[in-house]
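Visitor: Right, I'll just put the structure down here and ask away after.
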Amino acid sequence: PANYSTLDPLLADNREVQSLLSLVYEPLLAYDNTSRLTAALAETWSTTDGGVTWTVNLRRNVRWHGSEDTLSANDVIYTYRVLQTEAYAGSVYAAQAEKIASIEAVDEYTLIVTGKDAGMSALYALTFPIVSREHFTQNAGTGPYSITAADDEVGVELTANPNWWKRTPYIQTIR
């Protein structure tokens, strides 16, 4: 991307940067080719009350880049809280997070997401990138690539994540 102002996945303000960072940071749910929700870091989700409250089960053993630490419900809650801060009020993802009344951890891999309205709006809001308090400052996500270099003049270099929860990407380095 040209003229990017930040590599913060929650503040990325143009489509090119968001696309680049989607290779590094993943959401709980993503859109497929037909704009339907599909599993990403969330493995399953269900509701029993018409969509006000959702139980979301996270994938297990999803590791943060360069670490043995794994994704947890606390990382999702941390990201949600970051989006609620004044510093992120202008984020495209903050508007999504406003559709959620609360997110609570049942255990390390289970969340209760309560929407402000019945239906799937809270579920569709879970498409923001998940970050970790410990790894956020290091540009470490859970996606197929990690950021190995970022420079205004040279650009960004991504390296394949050998521990990605799906499979190691075919292309090893992207510049």
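The values are calculated or read from the model by the stated rules, or taken from the named source; none is laboratory data. Keep in mind that what you see is a predicted model, and the values were worked out from it rather than measured. Cβ coordinates were reconstructed from backbone atoms using ideal geometry, including for glycine residues, and neighbour counts include every protein chain displayed. Accessible surface areas use protein heavy atoms only, side chains included; no ligands, DNA or RNA. Shrake-Rupley method; radii C 1.70, N 1.55, O 1.52, S 1.80 Å.
Visitor: Does Ser19 meet the test of being under 19 Å from Ile130 (Cβ atoms) and either in a loop (DSSP other than H, G, I, E, B) or under 12 Å from the mean Cα position of the chain (by Cα) (or both)?
Guide: Answer is no for this residue.
Visitor: Give the residue, chosen from Ala140, Ala94, that is among the small types (Gly, Ala, Ser), part of a loop (DSSP other than H, G, I, E, B) and open to solvent by less than 60 Å² (accessible area, probe 1.4 Å).
Guide: Ala140
Visitor: Exactly one condition in (1) in contact with a helix residue (DSSP H, G or I) (Cβ under 8 Å, 6 or more places away or on another chain); (2) of a type in the set (Ser, Thr, Tyr); (3) within 26 Å of Ser46 (Cβ to Cβ) is false for Tyr88; which is it?
Guide: Single failed check for Tyr88: (3).
Visitor: Which of the residues spanning the range 22-50 are in a strand (DSSP E or B), of a type outside the set (S, T, N, Q), open to solvent by 10 Å² or more (accessible area, probe 1.4 Å) and more than 16 Å from Glu104 (Cα to Cα)?
Guide: Pro27, Ala30, Tyr31, Leu37, Ala39, Glu43
Visitor: While we're here: Could you please let me know if Thr127 is in contact (Cβ under 8 Å) with a residue 12 or more places away in the chain, hydroxyl-bearing (Ser, Thr, Tyr) and touching a Pro at 6+ places or on another chain (Cβ under 8 Å)?
Guide: yes
Visitor: Any residue in the range 152-171 that's under 13 Å from Leu23 (Cβ atoms): show its pairings with residues that are basic (Lys, Arg) and open to solvent by 90 Å² or more (accessible area, probe 1.4 Å) at Cβ separation under 9 Å, as long as the two are six or more apart or on different chains.
Guide: Val156/Arg175; Glu157/Arg175; Leu158/Arg175
Visitor: Turning to a different aspect of this structure: Return the pair list, or none, for Cβ contacts closer than 7 Å from residues in the range 20-48 that are under 23 Å from Asn74 (Cα atoms) to residues that are basic (Lys, Arg) and in a loop (DSSP other than H, G, I, E, B), at least 6 apart or on different chains.
Guide: As it stands, the answer is Leu41/Arg59; Glu43/Arg59, since those pairs meet every condition given.
Visitor: The conditions are (1) open to solvent by 50 Å² or more (accessible area, probe 1.4 Å); (2) without any contact (Cβ under 8 Å) to a residue 24 or more places away in the chain; (3) of a type in the set (A, V, I, L, M), and Val17 fails exactly one of them. Which is it?
Guide: Of the numbered conditions (1) open to solvent by 50 Å² or more (accessible area, probe 1.4 Å); (2) without any contact (Cβ under 8 Å) to a residue 24 or more places away in the chain; (3) of a type in the set (A, V, I, L, M), the odd one out for Val17 is (1).
Visitor: Taking the range 1-46 as the search range and keeping residues that are β-branched (Val, Ile, Thr) and in contact with a Pro (Cβ under 9 Å, 6 or more places away or on another chain), which one is modelled with the lowest pLDDT?
Guide: Val17
Visitor: While we're looking at this one, here's another question. What is the one condition in (1) in contact (Cβ under 8 Å) with a residue 60 or more places away in the chain; (2) in contact with a Ser or Thr (Cβ under 9 Å, 6 or more places away or on another chain); (3) assigned to a helix (DSSP H, G or I); (4) open to solvent by 10 Å² or more (accessible area, probe 1.4 Å) that Thr114 does not satisfy?
Guide: (3) is the only condition that Thr114 fails.
Visitor: Let me ask another. Out of (1) open to solvent by less than 50 Å² (accessible area, probe 1.4 Å); (2) closer than 28 Å to Asp107 by Cβ; (3) under 14 Å from the mean Cα position of the chain (by Cα), what's the single condition that is false for Thr53?
Guide: (3)
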